[in-house]
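J.: This structure is in structure tokens; I'll ask about it shortly.
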Amino acid sequence: MEKTKRVEDYIRTIADFPHDGIMFRDVTTLFADARGFRIAIDQLLHPYAGTRIDKVVGLEARGFILGGAIAHQLSVGFVPVRKKGKLPGPTIAEEYQLEYGEAVMEIHDDALEPGERVLLVDDLLATGGTAEAGIRLIERLGAEVVGCAFIIDLPDLGGRGRLARLGMSVHHLCEFSGA
């Protein structure tokens, strides 16, 4: 009898990418498998059953894949949060810290309406810097983050705690220890 696969069974680990000592968690193998992808989308949505969600916000870039699928499933709109200079219309920006340096995320300044309820999604939660920047952009537009959903949490890097300190509800499907 074949064992039922879990989401983490579809995720490939690549050693020393993009740098020595990094164990890269590759979700493209999950996305490429129809059953695995369906399981992940269903499980990401499960805690929000019965919750009013007006928009799904996806963080660049794999969050776009997840966010589009989730928005379709919920019959709501999808909004991308992108790296600086990638969106064509007027934007607002949020700087955040990377391990070495800074980065900037942007959202169109008319992407969300005040009072809209938003689900923030991405593939992986590490330090939480990108997610925090996304949350701040959503809130600056007057919308409310009802939850943050990720396929993978890397608990050793502290992102879940960082988002919890912001008062965010964080949902993830699996964890991997170490970098």
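The values are calculated or read from the model by the stated rules, or taken from the named source; none is laboratory data. Note that the coordinates shown come from a computational prediction; the quantities given were computed from them, not determined experimentally. No Cβ is skipped: glycine too gets one built from the backbone with ideal geometry, and neighbour counts run over all protein chains shown.
J.: If I go through the range 124-161 residue by residue, how many of them are more than 16 Å from Glu94 (Cβ to Cβ), in a strand (DSSP E or B) and either charged (D, E, K, R) or over 11 Å from the mean Cα position of the chain (by Cα) (or both)?
T.: So the answer is 3.
J.: Which pairs have Cβ atoms under 8 Å, sit 6 or more apart or on different chains, and link a residue in the range 128-141 that is touching a residue at least 12 places away in the same chain (Cβ under 8 Å) to one that is hydroxyl-bearing (Ser, Thr, Tyr)?
T.: Pairs that qualify, where the first residue is touching a residue at least 12 places away in the same chain (Cβ under 8 Å) and the partner is hydroxyl-bearing (Ser, Thr, Tyr), are Gly129/Tyr96; Thr130/Tyr96; Glu132/Tyr96; Ala133/Tyr96.
J.: Looking at the range 105-118 only, could you name the residues that are surrounded by 14 or more Cβ atoms within 10 Å (Cβ to Cβ) and either charged (D, E, K, R) or assigned to a strand (DSSP E or B) (or both)?
T.: Met105, Glu106, Ile107, His108, Asp109, Glu116, Arg117, Val118 - these are the residues of the range 105-118 that are surrounded by 14 or more Cβ atoms within 10 Å (Cβ to Cβ) and either charged (D, E, K, R) or assigned to a strand (DSSP E or B) (or both).
J.: Still on this model: Inside the range 93-126, can you point out the residues that are β-branched (Val, Ile, Thr) and more than 27 Å from Ile39 (Cβ to Cβ)?
T.: Correct list: Val104, Ile107.
J.: Now for a separate question. What pairs come out if I take residues in the range 165-176 that are closer than 20 Å to Gly134 by Cα and in contact (Cβ under 8 Å) with a residue 60 or more places away in the chain and pair them with residues that are loosely packed, with under 15 Cβ neighbours inside 10 Å and of a type outside the set (Val, Ile, Thr) whose C-beta lies under 6 Å away, six or more apart or interchain?
T.: His171/Pro47
J.: Cβ-Cβ under 8 Å, sequence separation 6+ or interchain: first residue in the range 45-62 and assigned to a strand (DSSP E or B), partner at pLDDT 95 or above and of a type in the set (Lys, Arg). Which pairs?
T.: Lys55/Arg117
J.: Which one of these does Arg136 not meet: (1) at pLDDT below 95; (2) farther than 24 Å from Phe31 by Cβ?
T.: (1) is the only condition that Arg136 fails.
J.: Report every pair of residues separated by at least 6 positions or lying on different chains whose Cβ atoms are under 7 Å apart, first residue within the range 1-28 and in contact (Cβ under 8 Å) with a residue 40 or more places away in the chain and farther than 17 Å from His172 by Cα, second of a type outside the set (D, E, K, R) and in a loop (DSSP other than H, G, I, E, B).
T.: Qualifying pairs under 7 Å: Gly21/Ala179; Ile22/Ala179; Met23/Gly178; Met23/Ala179.
J.: Regarding Gly101, is this residue modelled with pLDDT of 95 or more and either loosely packed, with under 14 Cβ neighbours inside 10 Å or closer than 26 Å to Tyr48 by Cβ (or both)?
T.: no
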